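The values are calculated or read from the model by the stated rules, or taken from the named source; none is laboratory data. Quantities reported herein were computed from a predicted structural model and do not represent experimental measurements. Heads up, the Cβs are rebuilt from the backbone with ideal geometry, glycines too, and the neighbour counts pull from every protein chain shown. When the accessible area is computed, the model is the full protein with side chains, heavy atoms only, and any ligands, DNA or RNA have been set aside. Shrake-Rupley method; radii C 1.70, N 1.55, O 1.52, S 1.80 Å.
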Amino acid sequence: MLNHCIFWMILYGVIGWIYETCLCSITERRFVNRGFLNGPYCPIYGFGAVLVVLLLGWIQNPILLFFAGAILTCTLEYFTSWLMERIFHARWWDYSDRKCQLNGRVCLAGALVFGTLSVVVVKWLHPLILRMTDAIPDKYFNDIVLLLFGLLVADFVFTVTKLQGFHQKLHTLHEHLRQDLPNGPQLRQELQHKMEQRQKQVSGTLRSFSERLNSQERRTLKSFSRFRPQRHMEDLQKLREALKNFKRR
């Protein structure tokens, strides 16, 4: 049973990644490789789908299933957002600008989508997946699950390791920018050539820090437009703009 749950979690994670990637790519009008991890899966979708199947699969009434699924998945989303913020000192998504939201972690629109998906998974999608998994011989199925789970764990360890020091890099960038660029009133009193010199120093600082970002940090900034650190948001925006400008050149 455990092997089946792991397989379902990975499979639903892939489906969730496809949904998120398509939605964000259409919204931002560019390809967005969505997902906290590097592989084509969103574990929160996989874990949420398995929870819905195991805890709510007995519910026959689709309306009751809709509301129960919305509550369960939004609870998972809220807890995941809180936990990731505690670990990485940043938010990967933020609904503060949406109507009917709770601390920017969950929103009504998301609840409606997740409630609908809960009904779709329990009533239609999971029965198909059950037939598919049952058709795979056990000796092959166990090897497949072991391989996929090993890749998932390796991806998770790699991602967490690469992102651990990101908040410290932002703090260091903040300190450098405060040294390079004086406050507004002081800046306006300086001569034009001095202002240009300061801007060159800031540009050089941003370029230096952008080169110090590892591949995981760069992908996070590119894939999560609502990524928001607990501190130094203004400096992060400058770094985003610098990365765009350096790429154009």
Protein accessible area in the range 85-128, 1.4 Å probe - carbon and sulfur %
67 percent
Global geometry of the range 111-161, whether rounded, prolate or oblate, following the gyration tensor of its Cα atoms and the 1.5 cut on a/c
oblate
Once fully extended, how much extra length lies between residue 54 and residue 87, figured as 0.36 nm per residue of separation less the alpha-carbon to alpha-carbon distance?
9.1 nm
Starting from the 7 Å offset along Cα-to-Cβ, what nm value, one decimal, do you get for the label separation of residue 215 and residue 131?
4.0 nm
Yeah, the range 1-153 with a ≥ b ≥ c from its alpha-carbon gyration tensor (a/c under 1.5 is rounded, else prolate when a/b outruns b/c, oblate otherwise) is oblate
In the range 33-75, the chymotrypsin sites (Phe, Trp or Tyr not before Pro) that fall in loop regions by DSSP, at most 14 other Cβ within 10 Å
58
Could you work out what % of the accessible surface of the range 1-56 is carbon and sulfur, using a 1.4 angstrom probe and leaving DNA, RNA and ligands out of the count?
77 percent
Of 123/222; 139/162; 169/222; 99/162, which ones are farther than 27 Å apart at the Cα?
123/222; 139/162; 99/162
What does the net charge come to around residue 115 if you take all other residues with beta carbon closer than 15 Å to its beta carbon, with K and R at +1 and D and E at -1?
0
